[in-house]
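The values are calculated or read from the model by the stated rules, or taken from the named source; none is laboratory data. Owing to the predicted nature of the structure, the values given are computational and were not obtained by experimental measurement. In this analysis, Cβ positions are derived from the backbone assuming ideal geometry, glycine residues included, and neighbour counts consider all displayed protein chains.
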Amino acid sequence: MNRLMALIQREFIENRGAIRTTPIVIGALYIIGALMTIWTTVHFDNDLYSFKEGVRMMAEVPEETRGALIYGSNLLGGSLLFTFVLSVVIFFYLLGALYDDRKDRSILFWKSLPASDTITLLSKLLTAMVLIPLVFWAVYVATQIVTISIASGMVMYAGENPWTLFIALGQPLKAWFMVLASWLAFSIWALPYYGWLLLVSSFAPRIPLLFAVLPPIIIAVLQVWIKFLETFTFSGNLFGIIGKWFANSPLILSADEGPQRVIVSLGVPITSDMDNAVTIGNMLDRLFSQQMLAGLVIAAVFLTGALWFRTRATDN
Amino acid sequence: MTNVIEARGLTKRYGRSVAVDHIDLTIPNGRIVGLIGPNGAGKTSALKAMLGLANFEGELKVLGKDPSKQRAALMEDVCFIADVAVLPRWIRVSELIDLTEKIHPKFSREKCLKYLAATKVTQDHKVKQLSKGMVVQLHLSIVMAIDARLLVLDEPTLGLDIIYRKSFYTNLLNDYFDEERTIVITTHQVEEVEHILSDLIFIQDGKIALDCSMEKVQEDYTELMVRADQAEAARALGPLFERVLMGRHIFLFQGGDREQLKALGELHTPSVADLFVATMSQGASA
């Protein structure tokens, strides 16, 4: 267990820039954006007259509508940029995870330590599934606390009570919990995809990005080519399957509590089979679905492959 | 258990080419073994098999374990410096020591810091800021702080200047080696290690060309230096190898009657380098 923690710590040190600095930059952008808005308002709005008027109008919106708007657009919505960048960071982290130390030959040092290849692979998978989302989440929550404080100060200046106006109605604790739950649920959902990236990372002789992206494209193109003149359906195409998988994922793709379907458009629209409302029940629905089971089987195949290559990997 | 490494019919193929060809090898405890051979002879392939870094055919036991299946367990008692500069470049020295301490149960931070104190490497340095020689000093400090039973060094001083190379082996002998430990070294710079070796293994074309202790080398092999007029007489005694140096003929004999040889010219103990060249040229002509 200590060894596993040490290996995860190693991943953090090696990728400190991507794991820690990136979310801090995004958080800083949000905060700077908020401050610039205030500065602009103060500059153009004499005595903040229009601003105060706006706050008063907001206070007149029915509580239920106001709460839903703040919860969905501001609190959950504030996670969307984090979610997007998080997925990019994990993508590149996993592509390099079993490749970089082969390239710089430091694999010969890591393999001289008494840590098995299995525990090494596990440490990299857990870094992508748990550590990176947790760090992003901590920065997301910190960013929201700062922006909520800034907004509260402004609202108090306008003579309203920020607690009753928006904080209590928006349920920030629930929103933050939902974001974390959805990211972690996505980590499980994404296992076949993460497994594929680790597999590519374990064998690619160079440029793992190409090895990760080219095979699906080639297969999809071949499928189109073979089936084009037959009865072509997009749902049978690999892109259709991946698009459907993404549309079904428990990630927050829209921020609303009501039942709805998400449409992912990749040339042809793909509608999710499942209810995309942001609730724990919907996340669990996915994690205990047949699709998840199929995903786990695919993930197991990919990860076994990655371990096979890692066991045989040296510096050449 | 007295044998650290035991190999029977150890073979390593890369596609059709055979890098290691049915090697039988026994390395007992408490020895310093030089594994010497020309480029591409199969030294590194053999070492990689012993360290669990490559699969192989045949039987191989290192400290009683199968390296291809039990690498992680084996690495608690085996250390290796594979080549210069394989430490991760992004890491800080203090972080490297922390991680090694957490991952390796037999690593002593105190010892490591003591060895490092004798160098210019500080804990705040990142590996990429260090010179090649300093990286090797750092790696050696880490490895010597591990209470291992077998240390494998594959060209450990490649690309280092003479001062670093000398102190590398001095440190190794004075601070690390004892009867409980075994060291296996491959190197091209035979002259530098010959004084510390207890055993000699020559590898040529994936096969073992010579495997004997240094005492036996001194007993069995004699170098005879004669003037040109005595060359025919010396040649008649069946030398392994002959070379000419500044008008003198130098012959290498295996066994041979010392009294008889002494009558022809000067006798010397051959250097490992000369023995190596003689053995290799024999293997090539055979």
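For B:Leu138, indicate whether it is in the same structural domain as B:Ala46 (by TED's automatic domain parsing), surrounded by fewer than 18 Cβ atoms within 10 Å (Cβ to Cβ), in a helix (DSSP H, G or I) and over 19 Å from the mean Cα position of the chain (by Cα). Show your work before the answer.
Numbers: in the same structural domain as B:Ala46 (by TED's automatic domain parsing): yes; surrounded by fewer than 18 Cβ atoms within 10 Å (Cβ to Cβ): no; in a helix (DSSP H, G or I): yes; over 19 Å from the mean Cα position of the chain (by Cα): yes.
No.
Looking at (1) within 14 Å of chain A (Cβ to nearest Cβ); (2) modelled with pLDDT of 90 or more; (3) over 22 Å from A:Arg10 (Cβ atoms), which one does B:Gly159 not meet, given that it meets all the others?
(2)
Working only within region B:183-215, note down all residues that are outside any strand (DSSP E or B), touching a residue at least 24 places away in the same chain (Cβ under 8 Å) and closer than 25 Å to B:Arg165 by Cα. Don't jump to the end; show me each part of the working.
Let us first name the residues in region B:183-215 that are outside any strand (DSSP E or B), namely B:187-198, B:205-206, B:214-215.
The next check asks that each one be touching a residue at least 24 places away in the same chain (Cβ under 8 Å); those that pass are B:187-194, B:196-198, B:205-206.
Answer for region B:183-215, where residues must be outside any strand (DSSP E or B), touching a residue at least 24 places away in the same chain (Cβ under 8 Å) and closer than 25 Å to B:Arg165 by Cα: B:Thr187, B:His188, B:Gln189, B:Val190, B:Glu191, B:Glu192, B:Val193, B:Glu194, B:Ile196, B:Leu197, B:Ser198.
What number of residues within region B:221-240 are part of a loop (DSSP other than H, G, I, E, B) and over 16 Å from B:Val277 (Cα atoms)? It would help to see each step written out before you state the result.
Taking region B:221-240 first, the residues part of a loop (DSSP other than H, G, I, E, B) are B:227, B:236-240.
Filter once more, so that each one left must be over 16 Å from B:Val277 (Cα atoms): B:227, B:236-238.
Count: 4.
Please go through region A:1-28 and pick out each residue that is in contact with a Phe, Trp or Tyr (Cβ under 8 Å, 6 or more places away or on another chain), facing chain B (nearest Cβ under 8 Å) and of a type in the set (A, V, I, L, M, F, W, C).
Matches in region A:1-28: A:Ile13 only.
Among the candidates A:Ile132, A:Ile119, A:Ile145, which residue alone is away from every other protein chain (no Cβ under 14 Å), within 21 Å of A:Leu199 (Cα to Cα) and not acidic (Asp, Glu)? Quick ask: steps written out before the conclusion?
Values: A:Ile119 fails: away from every other protein chain (no Cβ under 14 Å); A:Ile145 fails: within 21 Å of A:Leu199 (Cα to Cα).
Exactly one residue qualifies, and that residue is A:Ile132.
Condition (residue is in a helix (DSSP H, G or I), out of contact with any helix residue (DSSP H, G or I) (no Cβ under 8 Å at 6 or more places or on another chain) and more than 10 Å from chain A (Cβ to nearest Cβ)) applied to region B:113-125: is it met by at least one residue? Spell out how you get there, then give the answer.
Applying the first criterion (in a helix (DSSP H, G or I)) to region B:113-125 yields B:113-117.
Narrowing the set further to residues that are out of contact with any helix residue (DSSP H, G or I) (no Cβ under 8 Å at 6 or more places or on another chain) leaves B:114, B:117.
Within this subset, residues satisfying the condition of being more than 10 Å from chain A (Cβ to nearest Cβ) are B:114, B:117.
Yes; the residues of region B:113-125 include at least one that is in a helix (DSSP H, G or I), out of contact with any helix residue (DSSP H, G or I) (no Cβ under 8 Å at 6 or more places or on another chain) and more than 10 Å from chain A (Cβ to nearest Cβ).
Out of everything in region A:298-316 that is more than 14 Å from chain B (Cβ to nearest Cβ) and touching a residue at least 40 places away in the same chain (Cβ under 8 Å), what residue ends up being surrounded by the most Cβ atoms within 10 Å (Cβ to Cβ)? Walk me through how you get there before you give the answer.
Restricting attention to region A:298-316, the residues satisfying the condition of being more than 14 Å from chain B (Cβ to nearest Cβ) are A:298-306.
From what is left, the residues that are touching a residue at least 40 places away in the same chain (Cβ under 8 Å) are A:298-303, A:305-306.
Numbers: A:Ile298: 15, A:Ala299: 22, A:Ala300: 13, A:Val301: 14, A:Phe302: 21, A:Leu303: 22, A:Gly305: 17, A:Ala306: 27.
Among residues in region A:298-316 that are more than 14 Å from chain B (Cβ to nearest Cβ) and touching a residue at least 40 places away in the same chain (Cβ under 8 Å), the one surrounded by the most Cβ atoms within 10 Å (Cβ to Cβ) is A:Ala306.
Can we say B:Thr222 is of a type in the set (Ser, Thr, Tyr), farther than 19 Å from B:Gly37 by Cβ and at pLDDT 85 or above? Give the steps one after another, and end with the answer.
On the way: of a type in the set (Ser, Thr, Tyr): yes; farther than 19 Å from B:Gly37 by Cβ: yes; at pLDDT 85 or above: yes.
Yes.
If you check B:Asp205 against the conditions, is it closer than 30 Å to B:Arg16 by Cα and charged (D, E, K, R)? Write out each step before concluding.
Values: closer than 30 Å to B:Arg16 by Cα: yes; charged (D, E, K, R): yes.
Yes, satisfied.
Within region B:37-54, take every residue that is touching a helix residue (DSSP H, G or I) at 6+ places or on another chain (Cβ under 7 Å) and either away from every other protein chain (no Cβ under 12 Å) or in contact (Cβ under 8 Å) with a residue 40 or more places away in the chain (or both) and give me the one that is surrounded by the most Cβ atoms within 10 Å (Cβ to Cβ). Walk me through it before giving the result.
Going through region B:37-54, the residues touching a helix residue (DSSP H, G or I) at 6+ places or on another chain (Cβ under 7 Å) turn out to be B:37-38, B:52, B:54.
Adding the requirement that they be either away from every other protein chain (no Cβ under 12 Å) or in contact (Cβ under 8 Å) with a residue 40 or more places away in the chain (or both) leaves B:37-38, B:54.
Details: B:Gly37: 24, B:Pro38: 16, B:Ala54: 21.
The residue in question is B:Gly37.
Please list, ordered by residue number, the strands (runs of 3 or more DSSP E) wholly in region B:14-80 having 1 or more residues that are over 14 Å from the mean Cα position of the chain (by Cα). Talk me through it step by step, then tell me what you get.
On the way: elements: B:17-28, B:32-36, B:57-62.
It comes to B:17-28, B:57-62.
Inside region A:168-202, can you point out the residues that are surrounded by 18 or more Cβ atoms within 10 Å (Cβ to Cβ), more than 15 Å from A:Tyr93 (Cβ to Cβ) and either touching a strand residue (DSSP E or B) at 6+ places or on another chain (Cβ under 8 Å) or of a type in the set (Val, Ile, Thr) (or both)?
Answer for region A:168-202, where residues must be surrounded by 18 or more Cβ atoms within 10 Å (Cβ to Cβ), more than 15 Å from A:Tyr93 (Cβ to Cβ) and either touching a strand residue (DSSP E or B) at 6+ places or on another chain (Cβ under 8 Å) or of a type in the set (Val, Ile, Thr) (or both): just A:Val179.
Restricting attention to helices (runs of 4 or more DSSP H) lying wholly within region A:201-316, give those where 3 or more residues are of a type in the set (A, V, I, L, M) and either at pLDDT below 75 or closer than 22 Å to A:Trp183 by Cβ (or both). Show your work before the answer.
Working: elements: A:208-227, A:238-248, A:280-287, A:290-312.
It comes to A:280-287, A:290-312.
If the requirement is being under 26 Å from A:Ile31 (Cβ atoms), touching a residue at least 12 places away in the same chain (Cβ under 8 Å), touching a Gly at 6+ places or on another chain (Cβ under 6 Å) and assigned to a helix (DSSP H, G or I), which of these qualifies: A:Val135, A:Val155, A:Val139, A:Val146? Explain how you work it out, then say what you get.
Working: A:Val135 fails: touching a Gly at 6+ places or on another chain (Cβ under 6 Å); A:Val155 fails: touching a Gly at 6+ places or on another chain (Cβ under 6 Å); A:Val146 fails: touching a Gly at 6+ places or on another chain (Cβ under 6 Å).
Selected residue: A:Val139, the only one of A:Val135, A:Val155, A:Val139, A:Val146 that is under 26 Å from A:Ile31 (Cβ atoms), touching a residue at least 12 places away in the same chain (Cβ under 8 Å), touching a Gly at 6+ places or on another chain (Cβ under 6 Å) and assigned to a helix (DSSP H, G or I).
If B:Gln218 satisfies all but one of (1) outside any loop (DSSP other than H, G, I, E, B); (2) under 13 Å from the mean Cα position of the chain (by Cα), what's the number of the condition it fails?
Only one criterion in (1) outside any loop (DSSP other than H, G, I, E, B); (2) under 13 Å from the mean Cα position of the chain (by Cα) is unmet by B:Gln218, namely (2).
Within region B:141-148, is even one residue without any contact (Cβ under 8 Å) to a residue 60 or more places away in the chain, over 14 Å from the mean Cα position of the chain (by Cα) and within 20 Å of A:Arg105 (Cα to Cα)? Write out each step before concluding.
To start, the set of residues in region B:141-148 that are without any contact (Cβ under 8 Å) to a residue 60 or more places away in the chain comprises B:141-142, B:144-145, B:147.
Subsequent filtering for residues that are over 14 Å from the mean Cα position of the chain (by Cα) retains B:141-142, B:144-145, B:147.
Narrowing further to those that are within 20 Å of A:Arg105 (Cα to Cα): B:141-142.
Within region B:141-148, one or more residues are without any contact (Cβ under 8 Å) to a residue 60 or more places away in the chain, over 14 Å from the mean Cα position of the chain (by Cα) and within 20 Å of A:Arg105 (Cα to Cα).
With the requirement that a residue be in a loop (DSSP other than H, G, I, E, B), over 23 Å from the mean Cα position of the chain (by Cα) and at the interface with chain A (Cβ under 7 Å from one of its Cβ atoms), what does region B:81-111 give you? Even if it seems obvious, please write down each step before you answer.
The first filter runs over region B:81-111 and keeps only residues in a loop (DSSP other than H, G, I, E, B), leaving B:82-91, B:104-106, B:108.
Still in the list and also over 23 Å from the mean Cα position of the chain (by Cα): B:88-91, B:104-106, B:108.
Of everything in region B:81-111, those that are in a loop (DSSP other than H, G, I, E, B), over 23 Å from the mean Cα position of the chain (by Cα) and at the interface with chain A (Cβ under 7 Å from one of its Cβ atoms) turn out to be B:Pro88, B:Arg89, B:Trp90, B:Ile91, B:His104.
Checking the structure you have, find out if any residue of region A:36-56 is in the same structural domain as A:Ala115 (by TED's automatic domain parsing) and at pLDDT 90 or above.
Within region A:36-56, the subset in the same structural domain as A:Ala115 (by TED's automatic domain parsing) is A:36-56.
Now drop any that are not at pLDDT 90 or above, which leaves A:36.
Yes; the residues of region A:36-56 include at least one that is in the same structural domain as A:Ala115 (by TED's automatic domain parsing) and at pLDDT 90 or above.
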